[in-house]
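Heads up, the thing below is written out as structure tokens.
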Amino acid sequence: MLNPVKVGILGLGTVGGGTVHVLQRNAEEIARRAGRGIVVTHACAKELNKTHPYSTDKMMLTAQLTDVVNNPEVEIIVELLGGTTIARDMTLQAIANGKHVVTANKALIAKHGNEIFAAAQEKGVMVAFEAAVGGGIPIIKAVREGLAGNKIEWIAGIINGTSNFILTEMRDKGSDFADVLAQAQRLGYAEKYPTFDIEGVDAAHKLTILASLAFGIPLQFDKVYMEGITKISPIDVQYADELGYIIKHLGITKRTDNGIELRVHPTLVPNKRLLANVDGVMNAVLVQADALGQSLYYGAGAGALPTGSAIVADLVDITRTLTTDPGNRVPHLAFQANALVDLPILSIEETETLYYLRMSALDKLGVLAHVTNILSENGISIEAIIQKEPVSGTDHVSVVMLTHCVKEKRVNKAIQAIEKLDGITGQVIRIRVEMLEG
Ligand code: HSE
């Protein structure tokens, strides 16, 4: 067998430790698969005095990133720094030094992937990023390789574990949003800046990557429509339940005749769908493809060993193809770099879906008729309508509606008109609905 491949890790935190752990505990099996051993010989850690549980005498520890990135012995760099500034610099430097790169950094790929892949292509090196989407779930491999014979129609995924955990707790225990967020942070699921989780930024990073792999388009993070879960109230969770739906935070990308939909937002999903029953911190991605139909990929979206599992899979892939002609490797974004197409990304106003609308209406003859008139004037057809008992001590009732499929701009226009009605108090709450049918 050839000598082991030498790997340098930038960042020995939770994921770095998990990666070294997986490489050590499964060393024999990994070597049998890769055809050579894979060992971490160099690692950059912030605190050198701290005990790093999986470091060995054979691993050179340093506090300087460049000690690893510029070391001629190291063949593959694993970038686990997070952020998009130093991580970008180090990734580009590693590529310039002719090293292959594995990263778990979804923000880096979503924002700078086009530049990074172009540099890697020129240098004939690989940049692998399985851990960037869905943690340990091999979703990149599935979409890029397993579904290579299909035309992908749409993808809908629960790709932020923290948001899913919060929504699950709100539904199951009627808990308050802030309490559950604090719990998620204590359990270590949330990002360093929890706004990335709860405002949809983390999911948008991951969706950007999935859309490029599915449709062969450049990475376009700045065009993702982003809405988080901070405005979801327990009453909507309850009404959705009564209508037979569960609220999930989804990343959705869809090919339409007019362009690509790219959106992240809370979504009502029929409670019988498998995706609706993915609970807690778990992730799942549903792919609709023309030949296969629907396929669902479920698993741990975060954590030391699951993320380590994805990183090690990338290391094995790279090791197997080290001597391959770069032109014969799997392209970074599934499609050959010169075959990417610039399909238009649709604005949220141009997307079409179903809607859940909730409003507070004066319990008086004619109010509902005005509301339904406005909807009909805007071409919005109602599928279901529920009027709740008056809220005690007030003369207002909650009215909840489900619409048929309609363009978002029509719904926006209708909502503006409804909010101006004398008999309607406050804002109309709007949550998109997806049936997730084939
Ligand atoms: N904060 C992320 C999540 C971790 O909650 O899913 C993995 O990207």
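The values are calculated or read from the model by the stated rules, or taken from the named source; none is laboratory data. Please read these numbers as outputs of a predicted model, since none were measured by experiment. Positions of Cβ are generated from backbone atoms using ideal geometry, with glycine treated the same way; all protein chains shown enter the neighbour counts. Areas reflect the complete protein model, heavy atoms only, side chains present, ligands, DNA and RNA absent. Shrake-Rupley method; radii C 1.70, N 1.55, O 1.52, S 1.80 Å.
Observations on the model:
- Only one entry of V69, V39, V22 meets the criterion of being in the same structural domain as A132 (by TED's automatic domain parsing), open to solvent by 20 Å² or more (accessible area, probe 1.4 Å) and at pLDDT 95 or above, and that entry is V39.
- No other residue among R358, R432 is farther than 30 Å from G293 by Cα, open to solvent by less than 70 Å² (accessible area, probe 1.4 Å), basic (K, R) and modelled with pLDDT of 95 or more apart from R358.
- Test: residue in the stretch 324-338 that is buried (at least 18 other Cβ atoms within 10 Å of the Cβ), in the same structural domain as V22 (by TED's automatic domain parsing), within 16 Å of the ligand (Cβ to nearest atom) and of a type outside the set (D, E, K, R): no
- Residue match in the stretch 303-315 (condition: of a type outside the set (V, I, T), open to solvent by less than 50 Å² (accessible area, probe 1.4 Å), away from the ligand (no atom under 16 Å from the Cβ) and assigned by TED's automatic domain parsing to the domain that holds L187): no
- Within the stretch 154-185, the set of residues being open to solvent by 20 Å² or more (accessible area, probe 1.4 Å), within 16 Å of the ligand (Cβ to nearest atom) and either polar (S, T, N, Q) or within 13 Å of V285 (Cβ to Cβ) (or both) comprises Q183, Q185.
- Looking only at the stretch 199-236, and only at residues there that are in a helix (DSSP H, G or I), open to solvent by 20 Å² or more (accessible area, probe 1.4 Å) and not charged (D, E, K, R), the one that is farthest from G113 (Cα to Cα): I235
- When each of F165, F117, F196 is tested for being within 22 Å of G13 (Cα to Cα) and either part of a strand (DSSP E or B) or among the aromatic types (F, W, Y) (or both), the lone residue that passes is F196.
- Output for the stretch 209-228, where each listed residue is among the β-branched types (V, I, T) and touching a Gly at 6+ places or on another chain (Cβ under 8 Å): I209
- Any hit, the stretch 407-420, residues being outside the structural domain of I229 (by TED's automatic domain parsing) and surrounded by fewer than 13 Cβ atoms within 10 Å (Cβ to Cβ): yes
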